[in-house]
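Here is the structure we will look at, set down as structure tokens.
The values are calculated or read from the model by the stated rules, or taken from the named source; none is laboratory data. What you are looking at is a predicted structure, and each value in this text was computed from that prediction instead of being measured. Cβ placement follows ideal geometry from the backbone for every residue including glycine, while neighbour counts extend to all protein chains displayed.
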Amino acid sequence: MPAGRSTRPNTMDSSFDPHAIEQDLYRHWEQENYFAPSGNGEGYCVLIPPPNVTGTLHMGHAFNQTLMDTLIRYQRMKGKRTLWQTGTDHAGIATQMLVERQLNEQGIQRDALGREAFIEKVWEWREQSGGTINQQIRRMGSSLDWSRDRFTMDDAYAEAVLEVFERLYDEGLIYKGQRLVNWDPQLRTAISDLEVENHDEQGHLWHFHYPLLDDLTTKDGAAVLTVATTRPETMLGDTAVAVHPDDERYAHLVGGFVNLPLVDRRIPIIADEYVDMEFGTGCVKITPAHDFNDNEVGARHDLPLINIFTTDAAINDNAPAQYQGMSREEARKAVVADLDALDLLGEVKDHALMVPRGDRSGAIIEPFLTDQWFVEMTPLAKPAIEAVENGDIKFVPKQYENVYFSWMRDIQDWTISRQQWWGHQIPAYYDAQGNVYVAKSADAARAKYNLPADTALTQDTDVLETWFSSALWPFATLGWPDETVELDQFLPTDTLITGHDIIFFWVARMIMMTLHFTDRIPFHTVYVHGLVRDGEGNKMSKTKGNGLDPLDFIDGISLDELVTKRTSNLTQPQLAPKIEKATRKDFPDGIPSYGTDALRFTFCALATTGRDVKFDLNRIEGYRNFCNKLWNATKFVLMNTEDFVPDATAELSTVDRWMLSKTHQLIKDAEYALATYRFDIFASAVYEFAWHEYCDWYVELSKPLLWDDTISAAEKQGTRRTLLEVLETLLRVVHPVMPFITETLWHQVAPRLQVTHDTIMLQEYPQAGEFTEDNDAVAQIEWLKQIISGLRNIRGEANIKPNQSIPLLLQGGGDGDRNRSVATASMLQRLANVSEFSWLEDDAESPPHALALVGDLKVMVPLAGLIDATAERNRLDKELNKAQQDLQRIEKKLGNQNFVAKAPVEVVEKERDKATDLQSRIATLTDQMTKLAELAE
RNA sequence: GGGUGUUUAGCUCAGUUGGGAGAGCGACGGCCUUACAAGCCGUAGGUCGCAGGUUCGACCCCUGCAACACCCACCA
């Protein structure tokens, strides 16, 4: 064991300080290579969703990793040969934007730098800051195999990407074509459908009058046809006006022409079912080059496509001269004004519309006609759908399967080319004639296509979208296309844990690609968790300034530092004052340090199925306290087991057997919870057991056993052994979720049981079968707890000080009660501070007393000047009321013939028993009330 | 427009085949009881979103509605 980790038992601090242990422990684990797969067990692999190499750790990562690490540590302890595959993503657009912004701040423009130099800069940046997130991940305690760290731009990984591209191309599943795609005019690249976010925004609906040609008129006799649009500037590219084929208002005009104002172009009036007769005027302007619908209409009617935009969405040379060079916003104003001047502007209405924006840039996306590379998805989707349909892959919670199906069954071809520099450059080469050759290199292309060696080839300048390479994560990280041992051992991986936001981006594509290239599913289970939101339920974002850094919960942060952190480097600096105000309100004292274990435990406790998590500060504080509870319980156990002799004769008391039985149940509950991905149940089972069974009852009950001179040495040994065994077991049960504190405490506890090992993380996970169930012991201790609770209730309500001991009388009940009272006398006396206790014969007269009922057993505390008779009556009155209400409800039920006739016998029988018990209880309470009333007179 | 989820104590959330509504935090009262005041003991608090239905019996199953959240979608 390394120095510094063996704190002497009786020098343990009175409270737990996470900082004293966490980082040293992690370093030690990593140095010893404990995170790497080991042993000969069955392979068990979890893939990390690779974070952006440029990123920093956020709450989503912390949540996600807590769950993964809990599973991994659990399976590792269960003896599986576990691999948690780590790595980072090159995050094409995000990284390029970030580096570009930094260069801009230094006055360097990307274009001036040139492609190669720019990419050099990105690599430099990656060398310099790419390790940040991995260091932060270490702070979470994540047991990732760092020796297998992968980056999606590594040479080996790039090789896999090229291989996949080439194969898909050769299979005809990748093609290049001119299509209308989503174009981000700010980033000047195409993006995929998924990268477009549609937002409801307020806009206008403009009505334009297009003059009819050839003396046509509408049925109203007008010489113009009125169309409505939300995008006035696109009229410069109109090539038709469409009406519905069944629309009688315009039937006579179909085949005719209008003059496109401002442009002075003769365009046809066509009939197409796409038009909704009910909407607006029933006439639609058709701009095939700038609208997805119009494009389809245009294709059906063979309309020309007139592109009026440059790549940054300014008006190009295809538009009339006076608009050329204007931005789309300027052009919109000009077009409206010019039409107005010509008296061709009709109504302008407010209109809510969906505006497509790029998820990275926030810029309004243009449908734009360009040459791009696409993947044909339908053939890839088919087996991927089947894999989920037939249960090979399961989603948890299951409803996400429907989300998956609905998207997969209507999947569109995937735009994979990006007009960016940072990323995998597309392995397509062109000769002077523009012929395309796909191969991993120019040489390979010449060889593959039998081109003369001196054929000049130039590589396609586009790169692949990031998700194209992330889709290969399950097999590319394991060495594909080589047939490696790792592929054999770890693919399919077991559980993928991810947020619901990347099911389409990542999960679906991994399933398709992995099936296609390896004939194996990538994972058996997809556990989908919610997103982490702030205390108000808002999405955390840098822009809103409500983001929280997991490390701030671990280490703590002062208010001023937090404000500075949230308000610096804002994209919208004007929001700073508002953010500062909100921060000062929400965190008046900053954030205290809670430690990693508390943070992890909180995430587990909040990980309920199918909902987002609102991160609640009160919860983490409570779980920090839980850590402290474990710490102090350990301290207690160590203090009281110093003279424990492992081999000495030990005799187990009822309390010990009760505790061992409870431990049996705990392990069962914990196993069940983890097997069903109910991390919240796991957390609460552990919490409940540790605090409310072990600490509140067992430790307290053990004190009389340990400290009473009349208890035999063998019994004391039994209790000491149980204290140690249960605690040692508990630490192993909890370890997957709270690795640091359990490791630390375990090294104190385990040696007492003659167990020494360098780490808890490679110990066996406890098995329920190691602990005997004992129903008699459980019944007896539950009985004892009821009596103690009854007495505590009397004490509490009567305000009897804890240090004031009370006499106790017992009456009624049966032989079982008498036996139990004898067996538990010392514990009863100590826990309830009972000075003396005695039994009254059933018919004996009792002195005036306060009363608690445990079944038929009367638990009595003589008033004796300690308890006010009136107060005691009030207390009993509440109990009586409750009993009467319960009885009333049950009698009503039993009075219902239908219930008695139709409900299962055992249910009816149970109700009858309850009624009998309540009747007896009410009788006793009423009797007691009467006596107290007499006393008060 | 289609779909999903949520609605339970003041707050954050459990509630596993329908059979006596729970936890944590907070509140209130009492305790520095030799592991822990980051603690201990006790108490109060809910017509389980609304309206119907099925059933002997509904927080739970069915229908409808409402509010909130999210996803998908081409209505100019």
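Just a yes or no: is a residue in region A:866-874 under 23 Å from A:Glu782 (Cβ atoms), buried (at least 16 other Cβ atoms within 10 Å of the Cβ) and either modelled with pLDDT of 90 or more or of a type in the set (D, E, K, R) (or both)? Don't jump to the end; show me each part of the working.
First pass over region A:866-874, keeping only residues under 23 Å from A:Glu782 (Cβ atoms): none.
Scanning region A:866-874, I find no residue that is under 23 Å from A:Glu782 (Cβ atoms), buried (at least 16 other Cβ atoms within 10 Å of the Cβ) and either modelled with pLDDT of 90 or more or of a type in the set (D, E, K, R) (or both), so the answer is no.
If I ask for residues that are under 23 Å from the mean Cα position of the chain (by Cα) and either among the small types (Gly, Ala, Ser) or surrounded by fewer than 19 Cβ atoms within 10 Å (Cβ to Cβ) (or both), which ones from region A:589-598 would you list?
A:Ser593, A:Gly595, A:Ala598
Taking region A:599-658 as the search range and keeping residues that are near RNA strand B (Cβ under 6 Å from one of its atoms) and among the small types (Gly, Ala, Ser), which one is surrounded by the most Cβ atoms within 10 Å (Cβ to Cβ)?
By that ranking, first place goes to A:Ala633.
Can you name every residue in region A:562-588 that is surrounded by fewer than 17 Cβ atoms within 10 Å (Cβ to Cβ) and under 30 Å from A:Thr70 (Cβ atoms)?
Those that are surrounded by fewer than 17 Cβ atoms within 10 Å (Cβ to Cβ) and under 30 Å from A:Thr70 (Cβ atoms): A:Lys565, A:Asp586.
Of (1) at negative phi; (2) outside any helix (DSSP H, G or I), A:Glu330 satisfies all except one. Which?
(2)
Residue-wise test of (1) surrounded by 17 or more Cβ atoms within 10 Å (Cβ to Cβ); (2) among the β-branched types (Val, Ile, Thr).
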residue: A:Thr759; (1), (2): yes, yes
residue: A:Gln767; (1), (2): no, no
residue: A:Asn775; (1), (2): no, no
residue: A:Trp783; (1), (2): yes, no
residue: A:Gln786; (1), (2): no, no
residue: A:Ala798; (1), (2): yes, no
residue: A:Lys801; (1), (2): no, no
residue: A:Leu809; (1), (2): yes, no
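Let's see how each residue does on (1) closer than 18 Å to A:Gln135 by Cβ; (2) surrounded by 22 or more Cβ atoms within 10 Å (Cβ to Cβ):
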position	(1), (2)
A:Val53	yes, yes
A:Leu57	yes, no
A:Leu67	no, yes
A:Gly79	no, no
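Being among the polar types (S, T, N, Q), outside any helix (DSSP H, G or I) and closer than 25 Å to A:His351 by Cβ: is that true of A:Thr234 here?
Numbers: among the polar types (S, T, N, Q): yes; outside any helix (DSSP H, G or I): no; closer than 25 Å to A:His351 by Cβ: yes.
Here the answer is no, as A:Thr234 does not meet what is asked.
Within region A:231-246, track down each residue that is more than 9 Å from RNA strand B (Cβ to nearest atom) and either touching a strand residue (DSSP E or B) at 6+ places or on another chain (Cβ under 8 Å) or at pLDDT 95 or above (or both).
Filtering region A:231-246 down to residues more than 9 Å from RNA strand B (Cβ to nearest atom) leaves A:232-233, A:235-241, A:245-246.
A:Pro232, A:Glu233, A:Met235, A:Leu236, A:Asp238, A:Thr239, A:Ala240, A:Val241, A:Pro245, listed by residue number.
Would you pick out the residues in region A:290-306 that are part of a loop (DSSP other than H, G, I, E, B) and in contact with a helix residue (DSSP H, G or I) (Cβ under 9 Å, 6 or more places away or on another chain)? Walk me through how you get there before you give the answer.
Taking region A:290-306 and keeping what is part of a loop (DSSP other than H, G, I, E, B), we get A:290-291, A:302-306.
Correct list: A:His290, A:Asp291, A:Leu303, A:Pro304, A:Leu305, A:Ile306.
Let's see how each residue does on (1) on the phi > 0 side of the Ramachandran plot; (2) assigned to a helix (DSSP H, G or I); (3) loosely packed, with under 15 Cβ neighbours inside 10 Å:
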residue: A:Trp373; (1), (2), (3): no, no, no
residue: A:Val388; (1), (2), (3): no, yes, no
residue: A:Asp410; (1), (2), (3): no, no, yes
residue: A:Lys440; (1), (2), (3): no, no, no
residue: A:Asp443; (1), (2), (3): no, yes, yes
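May I ask you to verify whether A:Asn104 is among the polar types (S, T, N, Q), assigned to a helix (DSSP H, G or I) and free of Cβ contacts under 8 Å to residues at least 24 places away in the same chain? Show your work before the answer.
Details: among the polar types (S, T, N, Q): yes; assigned to a helix (DSSP H, G or I): yes; free of Cβ contacts under 8 Å to residues at least 24 places away in the same chain: yes.
Against the criterion (among the polar types (S, T, N, Q), assigned to a helix (DSSP H, G or I) and free of Cβ contacts under 8 Å to residues at least 24 places away in the same chain), A:Asn104 qualifies.
Out of A:Glu836, A:Glu906, I need the residue that is farther than 13 Å from A:Ile794 by Cα, touching a residue at least 24 places away in the same chain (Cβ under 8 Å) and either within 46 Å of the chain's Cα centre (by Cα) or loosely packed, with under 11 Cβ neighbours inside 10 Å (or both). Which one?
Working: A:Glu906 fails: touching a residue at least 24 places away in the same chain (Cβ under 8 Å).
So the residue among A:Glu836, A:Glu906 that is farther than 13 Å from A:Ile794 by Cα, touching a residue at least 24 places away in the same chain (Cβ under 8 Å) and either within 46 Å of the chain's Cα centre (by Cα) or loosely packed, with under 11 Cβ neighbours inside 10 Å (or both) is A:Glu836.
Can you pull out the residues in region A:247-289 that are more than 12 Å from RNA strand B (Cβ to nearest atom), closer than 28 Å to A:Asp371 by Cβ and in a loop (DSSP other than H, G, I, E, B)?
Those that are more than 12 Å from RNA strand B (Cβ to nearest atom), closer than 28 Å to A:Asp371 by Cβ and in a loop (DSSP other than H, G, I, E, B): A:Val263, A:Pro288, A:Ala289.
Identify, please: which residue in region A:889-924 is under 26 Å from A:Ala850 (Cβ atoms) and among the polar types (S, T, N, Q) and is, among those, nearest to RNA strand B (Cβ to nearest atom)?
The selected residue is A:Thr916.
Which residues, counting only those in region A:289-310, are surrounded by fewer than 17 Cβ atoms within 10 Å (Cβ to Cβ) and in contact with a Pro (Cβ under 7 Å, 6 or more places away or on another chain)?
Matches in region A:289-310: A:Phe292 only.
Among the helices (runs of 4 or more DSSP H) contained in region A:467-567, which hold 2 or more residues that are free of Cβ contacts under 8 Å to residues at least 24 places away in the same chain?
A:485-490, A:559-567
For region A:409-422, which positions are within 11 Å of RNA strand B (Cβ to nearest atom) and hydrophobic (A, V, I, L, M, F, W, C)? Spell out the reasoning first.
Within region A:409-422, the subset within 11 Å of RNA strand B (Cβ to nearest atom) is A:409-412.
Once the filter is applied, which keeps residues that are within 11 Å of RNA strand B (Cβ to nearest atom) and hydrophobic (A, V, I, L, M, F, W, C), region A:409-422 yields only A:Ile411.
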